[in-house]
Amino acid sequence: MKLNHLKKSDPRLYKLISAEIKRQDETLDLIASENFVSPEILEVLGSPLTNKYSEGYPGKRYYPGNLYYDEIEELARTRALKAFKLNSKNWSVNVQPYSGSPANLAIYFALTKPGDILMGMDLASGGHLSHGHKATISGKLFKSIQYSVDKKTGLINYSEVEKLAKKHKPRIIISGYSAYPRKIDFKKFGEIAKSVGAYHLADISHIAGLVSAGFHSSPFPYADVVMTTTHKTLRGPRGAVIFSRKEKMLHASGFMLHEAIDKTIFPGIQGGPHNNAIAAIAVAFGEALKPNFKKYQQQIIKNARVLAESLKKYDFNLVSGGTDNHLLLIDLKNLDIGGLEAEKILESAGIIANRNSISGDTSPFNPSGLRLGAPAVTTRGFKEKEMKKIADWIYRLLIKKEKPSLIKKEVLKLLKQRRLKGRPLTNKYE
Ligand code: DSN
């Protein structure tokens, strides 16, 4: 993949893409939701599979010529079920959602009736926008009740979740987050949902890789629907998949849950599936089934833990005191900088990590948290030693206030030693 055609026909865009590839190569990526896909996934995304329409599902399409797409989509579905050790007798999977937010929206539309309530975690506690935040369609079209983490411990207060559920009787209770550094008790969420007659939706977008490899407990025994994006710890292309329990009936509608969800994805809210992305999802789940994937996920956990412990030695305050997963959150309130400034300082040293709301924050634009994640640097081959080095850089930048340009040189030197071998983004595009 050398972009040779583009170079000749559209030099302006070619230049921009080349610059971005260089930026990825020369930046230390600590954004918890980002990763580097394999060259195989890049090949498939850029393949002629993008040319075809195939509205519908395998065996029942609304366009001709879908012989191979049917097989590709079935392959993605079979591998997705296998990656989470699920039996196709009990679980159905839809691999067509364009991404996580539309996937959640489809689930809400399929499972609720007008006036029903959704219950998810609030943004400042680590919840995702699509879990009922008032600025999004999930908070505008549905009645939304939000639970929070305990302000002192930074942990989910399950009795508060239960109390709110009993009071408001939501139709859907959502477990799963974008910025929660601890394990989630899916069993507890399942019990609470059952006790109030709600559906339990587990959004495992961030932790899907860890769940698949066995480093986080699985939501499947306790959830009715599980949604995950495919591009975070799972290390696949942009996209999402929805798993739904087959035996479950949707209210008294006569439809089964999975049938209602399939109908809501297509024709409900989406048109033609992005076939190149679906094929790349098949590749990603194929990669997740290989032994190396387990090692990779284990190293993510080790790396996040070492980064957390090293930052604590430098007197950084971490939300909840540390991490059990792939991400951690620095609480900057005891320092003289906000999240926005911290993000900028790190970026000028070639390190990207995003500012993040933490409990009690009111401005998502300048919150007092900084979120760090290990998936992308672990793909790059970083181990415990390098994570200690990262903690040291963050300390020197945010506490000792050393010049970012000096640290940037050290960052670049290390990145050059840990190039993503065999990946197009490390190629010279000239
Ligand atoms: N924006 C993603 C994240 O950073 O967690 C979730 O959609």
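Quick notes on this structure:
- Translational diffusion of region 280-430, µm² s⁻¹ [Kirkwood Rh, Cα pairs; Stokes-Einstein; 10 °C; 1.306 mPa s]: 96
- Region 1-102: equivalent-ellipsoid semi-axes (sqrt of 5 x gyration tensor eigenvalues, Cα, Å): 32, 21, 11
- For region 65-181, alpha-carbon Rg over 2.2 N^0.38 Å: 1.27
- Largest-first principal axis extents of the Cα set of the chain (Å): 65, 57, 38
- Distance between modelled label sites at residue 248 and residue 140, nm, 7 Å Cα→Cβ extension: 2.8
- Efficiency of FRET between residue 312 and residue 195 - r from beta-carbon atoms, R0 41 angstrom, step 0.05: 0.65
- When both bridge partners sit in the chain, DSSP labels roughly 60% of those beta bridges antiparallel.
- The ellipsoid equivalent to the alpha-carbon distribution of region 177-257 has semi-axes of 24, 16, 10 angstrom, derived from the gyration tensor eigenvalues as √(5λ) and listed largest first.
- Distance violations [Cα-Cα > 32 Å] among 85/312; 7/403; 8/385; 246/290; 82/389: 85/312; 7/403; 8/385; 82/389
- For the chain, the fraction of 1.4 Å probe accessible surface lying on carbon and sulfur atoms is 55 percent.
- Divided by 2.2 N^0.38 Å, where N counts the residues, the Cα radius of gyration of region 121-218 comes to 1.03.
- Region 274-342 - convex hull of the alpha-carbon atoms, volume per residue in Å³: 124
- For region 43-100, the Kirkwood hydrodynamic radius comes to 12.7 Å, computed from all pairs of different C-alpha atoms.
- Karplus-derived 3J(HN,Hα), 6.51/-1.76/1.60, for each residue of region 173-190, Hz, glycine and proline x: 10, 9, 10, x, 8, 9, 8, 10, x, 10, 6, 9, 8, 5, 4, 4, 4, x
- With a cut-off of 15 Å on the backbone N, the residues of region 213-231 near the modelled label site 7 Å out from residue 90 along Cα-Cβ are 218-226.
- Distance from region 149-210 to region 295-323 (C-alpha centre basis), Å: 23
- Helix-derived mean residue ellipticity, 222 nm - over the chain, DSSP H n ≥ 4, -39500 (n - 2.57), to 500: -12500 deg cm²/dmol
- Under a 5 Å amide H cut-off, with hydrogens placed 1.01 Å from N, residue 256 pairs with 250 among residues at least 5 apart or on other chains.
- Of the chymotrypsin sites (Phe, Trp or Tyr not before Pro) in region 1-84, the ones in a loop by DSSP (not H, G, I, E or B) with at most 15 other beta carbons within 10 Å are 62.
- The modelled label-to-label distance between residue 187 and residue 292, using points 7 Å beyond Cα along the C-beta direction, is 3.6 nm.
- The stretch between residue 217 and residue 52 holds 55.6 nm of extra length on full extension. This uses 0.36 nm per residue minus the Cα-Cα distance.
- Taking every Cα-Cα distance in region 251-292 and sorting them into 5 Å bins starting at zero, the pair-distance distribution P(r) comes out as 6, 18, 15, 15, 16, 14, 9, 5, 1, 0 percent.
- Surface accessible to a 1.4 Å probe, per residue, for the residues of the chain, Å²: 45
The values are calculated or read from the model by the stated rules, or taken from the named source; none is laboratory data. Remember, predicted model here, so these are calculated numbers, not experimental data. Positions of Cβ are backbone-derived with ideal geometry, glycine not excepted, and every protein chain shown enters the neighbour counts. Protein only, heavy atoms only, side chains kept; ligands, DNA and RNA dropped before computing areas. Shrake-Rupley method; radii C 1.70, N 1.55, O 1.52, S 1.80 Å.
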